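Engineer: Below you'll find the structure I mean.
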Amino acid sequence: MAGATEIYICYPGQAIRDGKVEYSGIETRIEAETDAARRVRDDPTIAKITYYAIKEDGGFRSLYSFENPNAAKVPERRSALDDLNAPSEGVPRKKSLFQRIRAIFEQD
């Protein structure tokens, strides 16, 4: 095979298309496995690494793909409203004006 190899390196939460692309002369699956093991050992934050052999005619085929089960998970996104809606522990909330007026009419 005379073409190049594209290596897509993705971090947690990143799609393959958004990953970092590197080019190499790797030609076999065994070389790709060895290279992936080395890269993940050097940078354990890598979540996925994929190798594509690019042919001279523009086609490609997948050589190897590795998903790191030990990569950190993507933290959940929080909004500013999450803190406002969460009840505070042990601190009684003041009743709103509407709640106080309503309480007057609901008394027996």
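Engineer: Below 22 Å, Cα to Cα, which lysines can LYS20 reach? Residues fewer than 8 away in the same chain don't count.
Structural biologist: LYS48, LYS55, LYS73
Engineer: Can you list residues from other chains, or at least 5 along the same chain, whose modelled amide H is less than 5 Å from the amide H of ALA4?
Structural biologist: Residues meeting the criterion, in which the H sits 1.01 Å from N, are ILE54.
Engineer: Using a 1.4 angstrom probe on the protein heavy atoms only, could you order GLU6, GLU27 from most to least accessible area?
Structural biologist: The most accessible residue leads, giving GLU27, GLU6.
Engineer: Order LYS73, LYS20, LYS94, most accessible first, counting only protein heavy atoms with a 1.4 angstrom probe.
Structural biologist: LYS94, LYS73, LYS20
Engineer: Report ³J(HN,Hα) in whole Hz for each residue of the stretch 45-57, in order, from the Karplus equation J = 6.51 cos²θ - 1.76 cosθ + 1.60 where θ = phi - 60°; Gly and Pro get x.
Structural biologist: 7, 5, 8, 8, 9, 10, 10, 10, 7, 9, 8, 5, 7
Engineer: Rank LEU63, LEU97 by accessible area, highest first, at a 1.4 Å probe radius?
Structural biologist: Per-residue accessible area, sorted high to low, gives LEU97, LEU63.
The values are calculated or read from the model by the stated rules, or taken from the named source; none is laboratory data. These numbers come from a predicted model, not from an experiment. Quick note on the areas: whole protein, heavy atoms, side chains included, nothing else; ligands and nucleic acids left out. Shrake-Rupley method; radii C 1.70, N 1.55, O 1.52, S 1.80 Å.
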